[in-house]
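Here's the structure, in structure tokens; my notes come after.
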Amino acid sequence: MYKLKQMKGQKALVTGGLGFIGSNVAHRLVGLGAKVTVYDACLDPYGWNYANVREIREHVRVVKADTRDFDKLCAHVKGQDYVFNCAGQVSHLDSMKDPWLDLDINCKGNLNLLEAARRFNDQARIVYCGTRAQIGRAMYSPIDEAHPTNPVDIYGINKLAGEKYHLLYADVYGMPVTSLPLNNVFGERHQMKHCLYGILNWFIRLALEGRDITIYGSGKQLREYNYVQDVVDALVLAGQSRKAKGRFYSISTRKAMPFLEMARQVVKEVGRGRVVKAPWPRERKQIEVGNVVSSYRKAKRELGWEPRTSFEAGLEKTVAFYRERLPEYV
């Protein structure tokens, strides 16, 4: 079983640091003793929220800036020991409606970061938050790092390009870069304003408000749901491990479950709401990928990482968080 190293006095930059995954990374880094800079463009309708860093506000430096602003990135990459690259446009549907914006954020933003690091801090350990959408529909199961990539939407294509940029900079310039394609992450500090991404958290809001949870189609497609604190541990562990240089790791859970079962468990844990079914909307059906079952064997073998939190335990913690703080996230 893994153990994260203390980071007292070390400096870390977290792009997208006011968002869901980024803010949870910032909390963990502060707990490990790091000096943290939170870098976020604060763009709507994305998940940035100053409430996400309220408990650690005195221990982090917050910079309101965009990864598409190369000069600002250069200024803040200098002197960092770690860069956790969590910024991005993360909506599948929005990427199809505005592919130029997705390209701008998810490609140009990542190239800016890598070029800034190459020019001014090429030994900073960079960890990139990828996505399961880079794979597309599964050709075999469980999905591993050798699986072919054939994304079904603009978001998946541009996030895959982002990963390729990162690994190229590791290969060509020797920069210590690692990528972790993430999959259906849920937990504390996720936005609850809309359902463009983070569907499990959105279902929690619907249940807390006593509303219907709509499932398209049969709901039998298998999915994995990764609790955010386990994911944060994987990101930090990848940053701390010298073995991870130039590598990418699939991050997953111990078991998958039908989408319908996930929704029913949300209703059961919250004690309100109900699950209803509806036909697939055309725009969603076109980018539906079917069953998703992945392997974390490589991450366990090389990093020592494996998920510690069961779905039920993670769901209980998440629901408890939003029972107290839902108004801050809607």
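Please treat every number below as a calculation from the coordinates, not as lab data. Small disclaimer: the values here were computed from a predicted structure and weren't measured. Cβ: placed from backbone, ideal geometry, glycine included. Neighbour counts: every protein chain shown.
Based on the convex hull around the alpha carbon atoms, the stretch 72-151 presents an average projected area of 6.4 nm². Highest average first, the peptides 81-91, 220-230 ordered by how many other beta carbon atoms sit within 10 Å of their residues are 81-91, 220-230. Listed from fewest to most Cβ neighbours within 10 Å, the set E209, E58 follows the order E58, E209. Mean residue ellipticity at 222 nm, helices only, the chain: -11000 deg cm²/dmol; runs of at least 4 DSSP H residues each add -39,500 (n - 2.57), and the sum is divided by the number of residues. The alpha-carbon of K277 sits under 25 angstrom from the alpha-carbons of these lysines, leaving out residues fewer than 8 places away in its chain: K193, K220, K255, K268, K285. Check cross-link reach from K5 to the aspartates and glutamates: straight Cα distance under 12 Å, and skip same-chain residues fewer than eight apart. K5 reaches D233. For the chain, give me the percentage of DSSP beta bridges that are antiparallel, rounded to the nearest 5 percent. Of all bridge pairs located within the chain, approximately 5 percent are antiparallel.
Taking a point 7 Å out from the Cα of Y216 in the direction of its Cβ, the residues of the stretch 285-299 whose backbone N falls within less than 13 Å of it are 285-290. Between K277 and I215, the built amide H atoms are under 5 Å apart, and every one of these is 5 or more places off in sequence or on another chain.
At full extension, D44 and K64 could sit 5.9 nm farther apart than now, given 0.36 nm per residue minus the alpha carbon distance.
Can you tell me the 0 to 90 degree angle between the C-alpha axis of helix 259-270 and the longest principal axis of the chain, rounded to 10? Its long axis makes an angle of about 90 degrees. Each residue of the stretch 159-175 is assigned a 3J(HN,Hα), and the resulting list reads 5, 5, 4, x, 5, 4, 4, 4, 5, 5, 5, 5, 6, 7, 9, x, 6 Hz, derived from the Karplus form 6.51 cos²θ - 1.76 cosθ + 1.60 (θ = phi - 60°), x at Gly and Pro. Other residues lying with their Cβ under 14 Å from the Cβ of H190 contribute a combined charge of +3, Lys and Arg counting +1, Asp and Glu -1. For chymotrypsin sites (Phe, Trp or Tyr not before Pro), the sites in the stretch 106-174 that DSSP calls loop and that have at most 11 other Cβ atoms within 10 Å are Y140.
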